[in-house]
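Shown next, in structure tokens, is the structure this report addresses.
The values are calculated or read from the model by the stated rules, or taken from the named source; none is laboratory data. Please read these numbers as outputs of a predicted model, since none were measured by experiment. Glycine gets a Cβ as well: all are built from the backbone with ideal geometry, and neighbour counts include every protein chain shown.
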Amino acid sequence: MEIQEFKDRVFTAGQAAGLEEMEIYVSQSKHFSARVFQKEVDDYTVSVEQGVGFRARFSGKVGYSYVEILDQDSVELLVDGAKANAQIIDSADEIEFFQGSPSYPEVVAFNPSLEAVSTEERIEFAKALEAEALATDERVSMVNYAATGYSETEVYMANTKGLEQSFHRNGAIGFVSAVIREGEQVKTGARMVFGNNWDKFDAKQLAQDAVKEATSLLGAGSVPSGDYPVLLRHDVARDLLATFASVFSAEAVQKGLSLLEGRLGQQIASSKVTIIDDPLLKNGGASATFDGEGVATRTKRVIESGQLTTYLHNLKTAKKDGVESTGNASRPSFKSPVGISPTNFFIEPGTMSYDELISKMGHGIIIIDVQGLHSGANPVSGDFSLGAYGYLVEDGQIVRPIEQITVAGNFFKVLETVEEIASDLEFGSPGHRGHIGSPTLLIRDLSIAGM
Amino acid sequence: MLAESLVTDVILAALSTGGDFAEVFMEDTRGTNLRMLNGSVEEGISGRDFGIGIRIFQGFRSVYAYTNDASRENLLKVAKEAAAALSGIQQVTSVVLERLVVERFNPVRLEPDQVSHKDKVGIMKRAHVAATGYDKQITQVAITYLDTDQHVLIANSEGLFAQDRRIRTRLGINAVASKGNEKQSAFRGPGRHMGFELFDRIDVEEIARDAARSAVTMVNADYAPSGKYPVIIDNEFGGVIFHEACGHGLEATSVAKGASVFSGKLGEQVASPLVTAVDDGTIPNAWGSQNIDDEGTKTRRNVLIENGILKGYMVDRLNGRRMNMEPTGSSRRQSYKFAPTSRMTNTFICAGTSTKEEIISNTEYALFARHMGGGSVNPATGEFNFAVAEGYIVRNGKIEKPVRGGTLIGQGSQILQKIDMVASNLATGQGMCGSQSGSIPTDVGQPTIRVSEITVGGRKEAN
């Protein structure tokens, strides 16, 4: 059954069942991925998938349901499921179905030339990742991941208040991970590229960077425990920001789950720090013209020169706070209820290069990877304690690699103690929680546990 | 579910370009997910996951395709598209499917769709009331209720045609304790491969109060000292450390390509002689149990390590080809959207002979990790890290005081050698394990163990 016909059937059946308002959120996507191992494609996946999320108001309360197949059974399942779920809701939250914004921004996130790249070319890219990694250094014992992927998603939303919007986005990803062996030592290094400009997919560069990172870690040792000045490399700073991004959500604030409660307009970070949420970024991984409730998106500074200027809102939290939605309603998937998430969310870059930041730090530690963000970080308190590795810096120079350390601190304290920001802004791969980016940050000090 | 004749045609279409093995996996899953915050139900979602995955092997190569459209025309199209990734001429020209009689050892008494939403919410309210009432420092309690009812059909070119049904139920309790500006949370998530009768088997109130107790204890605790010193890891969810630091390294996914520290070490001493560890998918109604795995192989009890000697791996069909080993009933996937691979089911270190009390009283100084948070591991290097969700300092044979914020870091294979005491109080806890083939339910478990030395990351120097 076609989407339009399915929608009409659902809305008709819903009306007959006494549903007061209804909305469908349809996601249709295509994916491709291939992994190369020892010159052969050893894993190849293609899919075409769809899903329909449904929400409806019954007796004033909103219930959700979803299906992945568009048949008559699913029409009934959506209507009956949402109705049953609405009947158990006792939250007093007022949920609004949106009639549509007066206008929507122009956003470019679908690149037809990326779609046109052939499967063979994509596979060649993955093969090149493996070959280049092996060619970079004879100590590369294996390339345990050389993979490439492409995905394309179209989102369509419609409700009984007249909203009808759709949006199309695509992106490709490349990933390489190399294993280095020297004697008893085993080190890994990995690099990822994401974007929808295929010209920027440079297999040689990516593979060399991964291998160089792995070799740079040979001979790593620990350091004495203590407080050190720390450079959080852009990818580490980005992962920390992603982990703690929920503190900017008005929902977390209103539920008492964010320590930013009551701090609007206050200086919460070093004056060097500006954080931007930009859904209009050209070809951004989380770019979109409308959010998960159909509200037009817009760009805003969440922190400006250290000052907290806004939380991220959807319609429900905005109404509670008496403000406008910031267009940050999220539907991580068609199965998920409406939440709040950043879009393209990043720390504004500074002017100094990464190397200049190393000399500015003088003595300290560069953290190039952390492990355990999903378990060793507490988004409520901001506390983190993570396994880490990187380099020791003395007299403005990297002197040796370090491992078997943990770095501990508090996210809010990190924001307050940013001393300098590099110009090397980079984004990760987009996920359910937005597309997050950061430059390298120089932090006054963090607690390092080593020997 | 699909007719056998259609499945046969799809398999043959998938093999049209020289594949030597093809498999069809179909699922139709209904599920309910309810969320309560501070006593009021905030969200209710119910849904239906439906799709078909088609997998083809040619030697060590694997092609996977999936779709939501089960029409004959579409399935044949998808099978041919997937086949186009390989090149060759058709080798397999006929398939005779034979229905597998699946032995069902995970009986379900109360199917989720026979229980009203009201009764499900009733359980959540009980958990909420117990956790909230524990202490006035508890400022927030979030309860989740989840049930899934998965019907699967698995067929392959070797003639397998199996159908199975998996029903799982789980309650999640998250208690937050506050003191001034500080907040600490604790989570408990009891779940089983069974229906609503789960709630006759567990004490909802006691588990909820335990979550609250843990959060309150931690919000009043000092930070854990950092350094390298002995660590006692308690039973039940403490097993997550074996799961992450060793279990993943014993999955064929990483062993087959030589990417694991355990590759090529069968028969070698890889752990302290006190350690015997198994992965057992056949424990009736356990969270990670299944009658058959997601390739249709019967699950079994796999001994991984026996008295410190490496005895076996968890093997799926594809990696089994690389390793020249039979599948061990360990192949799993989150849904039809994932090709299956070797994964854990219920994995635990077996009971030893000490008691927990003996371990504590025989320890001069240690971190006692009573409850572990999650963790992760780099399978190539074996380096892991884990958050200690509820910790205590043991001094002179006694538990001295609670500590928070500790992280355990190290290398799985080294830790295994350093286990110097194992208690007899084996117990398991439930988790969702995320890896290559998605997020799947697994039990972790162990008795209380002592490790002579682990690096503990924290915010204070050890003293």
Looking only at the range A:393-409, how many residues end up being surrounded by 21 or more Cβ atoms within 10 Å (Cβ to Cβ) and more than 9 Å from every other protein chain (Cβ to nearest Cβ)? 2
Evaluate the following for A:THR406: is it more than 22 Å from A:GLN185 (Cα to Cα) and either polar (S, T, N, Q) or not assigned by TED's automatic domain parsing to the domain that holds A:ARG433 (or both)? no
Confirm whether A:SER216 is over 23 Å from the mean Cα position of the chain (by Cα) and either among the basic types (Lys, Arg) or more than 14 Å from every other protein chain (Cβ to nearest Cβ) (or both). yes
Is the range B:285-292 home to any residue that is modelled with pLDDT of 95 or more, buried (at least 21 other Cβ atoms within 10 Å of the Cβ) and in contact with a helix residue (DSSP H, G or I) (Cβ under 7 Å, 6 or more places away or on another chain)? no
Just a yes or no: is a residue in the range B:308-316 assigned to a loop (DSSP other than H, G, I, E, B), at pLDDT 95 or above and within 14 Å of chain A (Cβ to nearest Cβ)? yes
For the range B:112-146: of the residues being away from chain A (no Cβ under 12 Å), in a helix (DSSP H, G or I) and under 17 Å from A:ALA84 (Cβ atoms), which is nearest to the chain's Cα centre (by Cα)? B:PRO112
Answer yes or no as to whether B:PHE348 is surrounded by 24 or more Cβ atoms within 10 Å (Cβ to Cβ) and away from chain A (no Cβ under 14 Å). yes
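One line per residue, one yes/no per condition, for (1) of a type in the set (Lys, Arg); (2) part of a helix (DSSP H, G or I); (3) free of Cβ contacts under 8 Å to residues at least 12 places away in the same chain; (4) not assigned by TED's automatic domain parsing to the domain that holds A:LEU415:
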{"residue": "A:HIS168", "(1), (2), (3), (4)": "no, no, no, yes"}
{"residue": "A:ILE173", "(1), (2), (3), (4)": "no, no, no, yes"}
{"residue": "A:VAL179", "(1), (2), (3), (4)": "no, no, no, yes"}
{"residue": "A:THR188", "(1), (2), (3), (4)": "no, no, no, yes"}
{"residue": "A:PHE194", "(1), (2), (3), (4)": "no, no, no, yes"}
{"residue": "A:ASP199", "(1), (2), (3), (4)": "no, yes, yes, yes"}
{"residue": "A:LYS204", "(1), (2), (3), (4)": "yes, yes, no, yes"}
{"residue": "A:ALA207", "(1), (2), (3), (4)": "no, yes, no, yes"}
Members of the range A:91-112 found to be within 14 Å of chain B (Cβ to nearest Cβ) and either closer than 19 Å to A:GLU23 by Cα or part of a helix (DSSP H, G or I) (or both), listed by number: A:ASP93, A:GLU94, A:ILE95
Report, ordered by the first and then the second residue, all pairs with beta carbons closer than 7 Å, sequence separation of six or more or different chains, a first member in the range B:317-341 that is within 14 Å of chain A (Cβ to nearest Cβ) and small (Gly, Ala, Ser), and a second member that is surrounded by 21 or more Cβ atoms within 10 Å (Cβ to Cβ) and part of a loop (DSSP other than H, G, I, E, B). B:ALA339/B:ARG333; B:ALA339/B:SER437
crowded, with 22+ Cβ neighbours inside 10 Å, modelled with pLDDT of 95 or more and assigned by TED's automatic domain parsing to the domain that holds A:SER271: is that true of A:VAL414 in this structure? yes
Kindly indicate which of B:ARG170, B:ARG109, B:ARG72 is away from chain A (no Cβ under 14 Å), of a type in the set (D, E, K, R) and surrounded by 15 or more Cβ atoms within 10 Å (Cβ to Cβ). B:ARG170
Output the number of the condition that B:ILE52 fails; it satisfies all remaining conditions of (1) crowded, with 20+ Cβ neighbours inside 10 Å; (2) in contact with an Asp or Glu (Cβ under 9 Å, 6 or more places away or on another chain); (3) free of Cβ contacts under 8 Å to residues at least 60 places away in the same chain; (4) not acidic (Asp, Glu). (3)
With the structure loaded, tell me whether B:SER157 is hydroxyl-bearing (Ser, Thr, Tyr), at pLDDT below 95 and not assigned by TED's automatic domain parsing to the domain that holds B:GLY281 or whether it fails that test. no
Filtered residues of the range B:215-237 (kept if touching a Lys or Arg at 6+ places or on another chain (Cβ under 8 Å) and either among the small types (Gly, Ala, Ser) or in a loop (DSSP other than H, G, I, E, B) (or both)): B:ASN220, B:ALA221, B:ALA224, B:SER226, B:ASP234, B:ASN235
Selected residue (only one of A:ALA377, A:ALA422 is within 14 Å of another protein chain (Cβ to nearest Cβ) and touching a residue at least 40 places away in the same chain (Cβ under 8 Å)): A:ALA377
Scan the range B:445-460 and tell me whether some residue there is more than 11 Å from every other protein chain (Cβ to nearest Cβ), more than 15 Å from B:ILE241 (Cβ to Cβ), assigned to a strand (DSSP E or B) and of a type in the set (Ser, Thr, Tyr). no
I'd like to verify a number: residues in the range B:361-415 that are among the hydroxyl-bearing types (Ser, Thr, Tyr), assigned to a strand (DSSP E or B) and within 12 Å of chain A (Cβ to nearest Cβ), how many? 2
State whether one or more residues within the range A:352-364 are assigned to a strand (DSSP E or B) and facing another protein chain (nearest Cβ under 9 Å). no
Kindly indicate which of B:GLY288, B:GLY258, B:GLY296 is closer than 30 Å to B:ILE56 by Cβ and within 14 Å of chain A (Cβ to nearest Cβ). B:GLY258
Filtered residues of the range A:40-90 (kept if facing chain B (nearest Cβ under 7 Å) and of a type in the set (A, V, I, L, M)): A:VAL41, A:VAL46, A:VAL48, A:VAL67, A:ILE69, A:LEU77, A:ALA84, A:ILE88, A:ILE89
Give me the residue from the range B:22-49 that is among the hydroxyl-bearing types (Ser, Thr, Tyr), in contact with an Asp or Glu (Cβ under 8 Å, 6 or more places away or on another chain) and within 9 Å of chain A (Cβ to nearest Cβ) and, out of that set, nearest to A:LEU78 (Cα to Cα). B:THR32
Hey, A:VAL273 of a type outside the set (Gly, Ala, Ser) and not in a loop (DSSP other than H, G, I, E, B) or not: no
Among the residues of the range B:257-302, which ones are within 25 Å of B:ALA351 (Cα to Cα), outside any loop (DSSP other than H, G, I, E, B) and touching a Gly at 6+ places or on another chain (Cβ under 6 Å)? B:GLN269, B:ASN302
